[in-house]
Amino acid sequence: MAKLYFNYSSMNAGKTTVLLQSAHNYRERGMMPMLFTPKLDDRYGIGWIKSRIGLQAKATIFTPEDDLYEATRNQLEERNIHCVLVDEAQFLSRDQVFQLSEIVDRLGIPVLCFGLRTDFQGELFEGSKHLLAWADELNEIKTICHTGRKANMVVRVDDDGYALKEGAQVEIGGNERYVSVSRAEFKKVFYGGRRIKFIEPVEGEAPEDESGQAEKDSDSLL
């Protein structure tokens, strides 16, 4: 039976890698996934989902005004679809989460959403809020804070590593702008004014793009 899944985490937990691996698994079995990605995240070119370990796939872009149910139904007229995968699901609107539930309930197609739960102020994103409320199954993809604890929150930092407490909820960035931390560390950094420890890339770990620069994390933040 088809279900609506929400796979959530803080940054650097490998959400995009899991999504792309899931898409590969469907294709390997002769089944066709449909991928959605938000238009606002264009760091790798509009309409591409790319992980920081080098996996990538073409996807259908969406804006807050798009109807994801109708987009999927229209694709069904051209080809069979066995699964819908949504990257950066925190950017979904309330209506779009409802539309995804309609893909499950009316079309019988499973929908797997991957995204952040909270923003840099510790507040739920709109898409995440309604996925937490309406999804059939919730799955936390875990990663760790530099303290060794589980990281379940994220902070937006300035060039000196201090938490930014104000600003637009949506601001795309990677490790140079956002750091995943535990709740306890979030309190110390966001409320206590402590300087955060930046993530240092492991030598040889991140693949290089055509310009010779290491990839930035594909987990976009707000």
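Could you pull out every one of the helices (runs of 4 or more DSSP H) wholly within segment 91-187 that has 3 or more residues that are touching a strand residue (DSSP E or B) at 6+ places or on another chain (Cβ under 7 Å) and modelled with pLDDT of 95 or more?
Correct list: 94-107, 126-134.
I need the full set of residues from segment 88-100 which are more than 18 Å from Gln169 (Cα to Cα) and surrounded by 24 or more Cβ atoms within 10 Å (Cβ to Cβ), in order please.
Gln96, Val97, Leu100
Is it true that Arg52 is of a type outside the set (Asp, Glu) and over 25 Å from Glu140 (Cβ atoms)?
For Arg52, the condition - of a type outside the set (Asp, Glu) and over 25 Å from Glu140 (Cβ atoms) - is not met.
Out of all the residues in segment 132-158, which are of a type in the set (Gly, Ala, Ser) and under 30 Å from Gln96 (Cβ atoms)? I'd like the intermediate steps shown before the answer.
Just the residues of segment 132-158 that are of a type in the set (Gly, Ala, Ser), to begin with: 133, 135, 148, 151.
Across segment 132-158, the qualifying residues are Ala133, Ala135, Ala151.
Of all residues in segment 44-65, which are charged (D, E, K, R), in contact with a strand residue (DSSP E or B) (Cβ under 8 Å, 6 or more places away or on another chain) and either loosely packed, with under 14 Cβ neighbours inside 10 Å or assigned to a loop (DSSP other than H, G, I, E, B) (or both)? Please lay out each step first, then the result.
So the first thing to find is which residues in segment 44-65 are charged (D, E, K, R), and the list is 50, 52, 58, 65.
Okay, now just the ones that are also in contact with a strand residue (DSSP E or B) (Cβ under 8 Å, 6 or more places away or on another chain), so 50, 58.
Residue satisfying the conditions is Lys58 alone.
Among the residues in segment 8-27, are any within 11 Å of the chain's Cα centre (by Cα), buried (at least 20 other Cβ atoms within 10 Å of the Cβ), in a strand (DSSP E or B) and modelled with pLDDT of 95 or more?
Yes; the residues of segment 8-27 include at least one that is within 11 Å of the chain's Cα centre (by Cα), buried (at least 20 other Cβ atoms within 10 Å of the Cβ), in a strand (DSSP E or B) and modelled with pLDDT of 95 or more.
Select from segment 66-80 the residues that are surrounded by 15 or more Cβ atoms within 10 Å (Cβ to Cβ) and assigned to a loop (DSSP other than H, G, I, E, B) and list them in ascending order.
Asp66
The values are calculated or read from the model by the stated rules, or taken from the named source; none is laboratory data. Values in this document were obtained by computation on a predicted structure and should not be read as measured data. Note that each Cβ is placed from the backbone with ideal geometry, even for glycine, and that neighbours are counted across all protein chains shown.
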